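Down below is the structure, laid out as structure tokens.
The values are calculated or read from the model by the stated rules, or taken from the named source; none is laboratory data. Worth saying up front: this structure is predicted, and the values here are computed from it rather than measured. Cβ coordinates were reconstructed from backbone atoms using ideal geometry, including for glycine residues, and neighbour counts include every protein chain displayed. Side chains are part of the model used for accessible areas, which takes the heavy atoms of the whole protein and leaves out ligands, DNA and RNA. Shrake-Rupley method; radii C 1.70, N 1.55, O 1.52, S 1.80 Å.
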Amino acid sequence: MLPADGRRLHVLDVLRGIALLGMFLVHFNNYSTGGGRPDQIYQKIVQLFFDERFWTMFGILFGVGFAIQFRRADARGEPYLAKYYRRMAMLAVFGFIAQGIFGYNVLLGYAIWGTVLPAFRKWSVPALVVALLLSAMSGNLYLMARAANGVATLGEQGFKAEAARIATENRKYLTANNAAQDSTSFREVVAARLQKVPWFQTQWYSLLPVNTLTLFLIGVLGLRLGLFDDPGRHTRLIVGLMAFGLASWAFETWVPDRAHVEGAPFLREMLLQRLAWGFGLVRGMWLAFTYIGAVLLLVARNPVWLKRLAVFGWPGRTALTSYMSQIIILDLTFSNYALGLSVTPLVGAGAAVVLFLVNVAFSRWWLQRHSYGPLEWLWRSATYARWAES
């Protein structure tokens, strides 16, 4: 078994900290401009190995965390559902602040899809696998069904014209909204971001479980199978998942799209294209499996790696506080209403690392004096409807 501090799995803290650093590097890179050849090489590295990979890891770990809460409640024999939904309500508050004020949508999506997760609490492993596969494929299934219905009612050309019209309207809306978010007025920026919240959360990719619930279910399955509690007993499965993640990434990165056949039926071409990509099961973001597996196997082989990777464990224990601090710093640094700075990619990478180390130092200092991070304490207090011990 991995060493656990009472009920805590330290390897999860390490993984969360790694995910936080990865997302910090991606976010800084997204805001960076200009630079020379070295900057371009670094941006390519971020594109190949960082983009979506650490966001994926963060989502999986949230799923693991939710599953652990129910497992602990079951072990104590206490009802937890009401507490869990208070927890999701508080996460929704954090998420609304993150998206409505600072423009980051991840936490609100977590809170929304987190409300669905208890439905899978008692499912068997085979049932969870089926749910995971359907969840991962839901986007492709929806798009195929929408296209089939559109072609049947409007004809092929009519459906294409309607789809083009909707895409044009969305581009116009996003262009106008992004322009408003570039304002030097904080009030105008927040108004634009608040306006975008319902638009974003009602798009098909938000309403379908294709991303967030898929990641949560992966986390639930991983915990149920013992991959995080005792990875040493599941080496073959972990290595297999690592290989699948690497192969999916290589496929997305290097295999060209299927060539379009001129004059071929639209629905047939659409179906073949999706089949070539495994209907959403083959994704470059699964490279996160390789990263997670590598850490699990290192720690299983020699638990001293938990100490060697402790620099990630401290901010990982305060993941909510660390993430909210991260997006606030990013927004104040780069938005026109605040500092409005412009940096090259490599300067941005250096700044990301420095600020992450500041985060490490703060988390370590805080946790030497308190049991939970500041926002974690507030989150826990909301969960149990009473002020938690600090």
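Being outside any loop (DSSP other than H, G, I, E, B), open to solvent by 20 Å² or more (accessible area, probe 1.4 Å), farther than 30 Å from Ala351 by Cβ and not basic (Lys, Arg), is that true of even one residue in the range 34-53? Within the range 34-53, not a single residue is outside any loop (DSSP other than H, G, I, E, B), open to solvent by 20 Å² or more (accessible area, probe 1.4 Å), farther than 30 Å from Ala351 by Cβ and not basic (Lys, Arg). Of all residues in the range 298-319, those satisfying the criterion of being over 16 Å from Leu357 (Cβ atoms), open to solvent by 50 Å² or more (accessible area, probe 1.4 Å) and of a type in the set (A, V, I, L, M) are Leu298, Val304.
When Thr153, Thr184, Thr175, Thr214 are screened for being polar (S, T, N, Q), in a loop (DSSP other than H, G, I, E, B) and either open to solvent by less than 40 Å² (accessible area, probe 1.4 Å) or farther than 21 Å from Met285 by Cβ (or both), only Thr184 passes. Among the residues making up the range 323-341, those that are surrounded by 15 or more Cβ atoms within 10 Å (Cβ to Cβ) and in a helix (DSSP H, G or I) are Tyr323, Met324, Ser325, Gln326, Ile327, Ile328, Ile329, Leu330, Asp331, Thr333, Phe334.
Residue by residue, here is whether (1) at pLDDT 95 or above; (2) surrounded by 18 or more Cβ atoms within 10 Å (Cβ to Cβ); (3) over 20 Å from the mean Cα position of the chain (by Cα); (4) not in a helix (DSSP H, G or I) holds:
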| residue | (1), (2), (3), (4) |
| --- | --- |
| Ala250 | yes, no, yes, no |
| Arg258 | no, no, yes, yes |
| Gln273 | no, no, yes, no |
| Met285 | yes, yes, no, no |
| Gly293 | yes, yes, no, no |
| Leu296 | yes, yes, no, no |
| Thr321 | yes, yes, no, no |
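In contact with a His (Cβ under 9 Å, 6 or more places away or on another chain), open to solvent by less than 70 Å² (accessible area, probe 1.4 Å) and at pLDDT below 95 - does that describe any residue in the range 342-364? Within the range 342-364 (the criterion being in contact with a His (Cβ under 9 Å, 6 or more places away or on another chain), open to solvent by less than 70 Å² (accessible area, probe 1.4 Å) and at pLDDT below 95), the answer is no, since none of the residues qualifies. Scanning the range 88-120 for residues that are open to solvent by 40 Å² or more (accessible area, probe 1.4 Å), over 23 Å from Trp286 (Cα atoms) and assigned to a helix (DSSP H, G or I) yields Ala89, Val93, Phe96, Ile97, Ala119. Beta carbons closer than 6 Å, at least 6 apart along the sequence or on distinct chains, pair a first residue in the range 174-192 that is of a type in the set (S, T, N, Q) with a second that is in a helix (DSSP H, G or I) for Asn177/Ala192; Asn177/Lys196; Gln181/Val189; Gln181/Ala192; Ser183/Val189. Among the numbered conditions (1) open to solvent by 30 Å² or more (accessible area, probe 1.4 Å); (2) under 21 Å from the mean Cα position of the chain (by Cα), the only one that Trp123 does not meet is (2).
Among all residues of the range 54-64, there is none that is out of contact with any Phe, Trp or Tyr (no Cβ under 9 Å at 6 or more places or on another chain), of a type in the set (Gly, Ala, Ser) and open to solvent by less than 30 Å² (accessible area, probe 1.4 Å).
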